[in-house]
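The values are calculated or read from the model by the stated rules, or taken from the named source; none is laboratory data. Remember, predicted model here, so these are calculated numbers, not experimental data. A quick note on method: Cβ atoms are made from the backbone with ideal geometry, for glycine too, and the neighbour counts reach across all protein chains shown. Just so you know, the surface numbers come from the protein's heavy atoms only, side chains and all, with ligands and any DNA or RNA stripped out. Shrake-Rupley method; radii C 1.70, N 1.55, O 1.52, S 1.80 Å.
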Amino acid sequence: MAKVFFDELLESIAHEQRKYQAVDVDDAVLKEFFTDRQAVPARPEAALPRRVDRMAPAPQSSTPAPPSPRPEPPGARPFRQAQPEPTRPSTLPPDQEIPLRQAASLEELAAITAQCARCRLAPTRNHVVFGEGNPQADLMFIGEGPGRDEDLQGRPFVGAAGQLLNKMIAAMQFTRESVYIANVVKCRPPGNRNPEPDEAASCIGYLNRQIELIQPKVIVLLGAVALRFLLKLEGIRSKRGHWYEYRGIPVMPTYHPAYLLRTPGGKADAWDDLQQVMKVFGKVYQKPVRR
């Protein structure tokens, strides 16, 4: 299965490169990403606060176009098959699961999510942070969950980590409006702690339906928590920079922006990861010629 998937990636990359025609990266924008204006003392990446997302619902066709083949850049590190997600019986009554499958657009799914009370996070939230961005985005970022600023505003990545994520997206020659941002959980865990496994399990259906509706060509996982709950893998330092697959979509794990604020030295590794994603879309960084 991995070989078939990898062959599809190689076959489609030529098409993607013709489409995007090797856009060069603006060196000034890249410098913004590497500017350490908000560096704070280092802390283990997996213990950092989360950032969640809520989208401003946008109209979506009820009959989305079939997804194009999933590309991977030539010369990237070898594709790795993530551990298969174990099949387990649902803990939710059927009448709570059916609406997710029936949601034909992100707008409909957001309305369902706004009424969610499936786990202990619901009573303490100010807003459900659903997700934000282009409902037909080729590139999707998935983080952990909302922090204080996100919970208050009902939007993803609006605090300091969000500002850095904006710079990361700009350095990749995308805009925030052209990508889609979502999180593993839609409600803020108290004290910005990591989501518990049962909380993530209660929320993962919303995220999976978002992915089905958006049909991104590539997913970037931000941090150890997203890696754990989507790919069932541990160790962001060893897993970052390698291609994986989630529901047939190429996935690139990298560091969470909050970690990069605390450990600016990790930005070089993160930039290496992001460049692999950029190559999928024919975007390349060429160092400026010094005269």
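Key figures
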item	result
Residue count, the range 106-144 (criterion: of a type in the set (Gly, Ala, Ser), at pLDDT below 95 and either within 16 Å of residue 257 (Cβ to Cβ) or not in a helix (DSSP H, G or I) (or both))	2
Residue 102 being out of contact with any His (no Cβ under 6 Å at 6 or more places or on another chain) and modelled with pLDDT under 55	no
Exclusive hit being within 16 Å of residue 257 (Cβ to Cβ) and of a type in the set (Val, Ile, Thr), set 158, 218	158
Residues that are touching a helix residue (DSSP H, G or I) at 6+ places or on another chain (Cβ under 8 Å) and surrounded by fewer than 22 Cβ atoms within 10 Å (Cβ to Cβ), drawn from the range 180-196	190, 192
Pair list, Cβ under 8 Å, 6 or more apart: the range 224-248 residue in contact (Cβ under 8 Å) with a residue 24 or more places away in the chain and closer than 21 Å to residue 212 by Cβ, other residue of a type in the set (S, T, N, Q) and surrounded by fewer than 17 Cβ atoms within 10 Å (Cβ to Cβ)	231/83; 232/83; 244/81; 245/81; 247/208
Among the residues listed as 253, 216, 195, the single one being over 13 Å from the mean Cα position of the chain (by Cα) and not aliphatic (A, V, I, L, M)	195
The range 264-291, residues that are open to solvent by less than 10 Å² (accessible area, probe 1.4 Å) and either in a loop (DSSP other than H, G, I, E, B) or closer than 20 Å to residue 139 by Cβ (or both)	267, 270, 273, 274, 277, 278, 280, 281, 282
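Listed here are the residues, each with its yes/no results for (1) open to solvent by 10 Å² or more (accessible area, probe 1.4 Å); (2) farther than 30 Å from residue 152 by Cβ; (3) within 16 Å of the chain's Cα centre (by Cα).
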position	(1), (2), (3)
212	yes, no, yes
221	no, no, yes
242	yes, yes, yes
262	yes, no, no
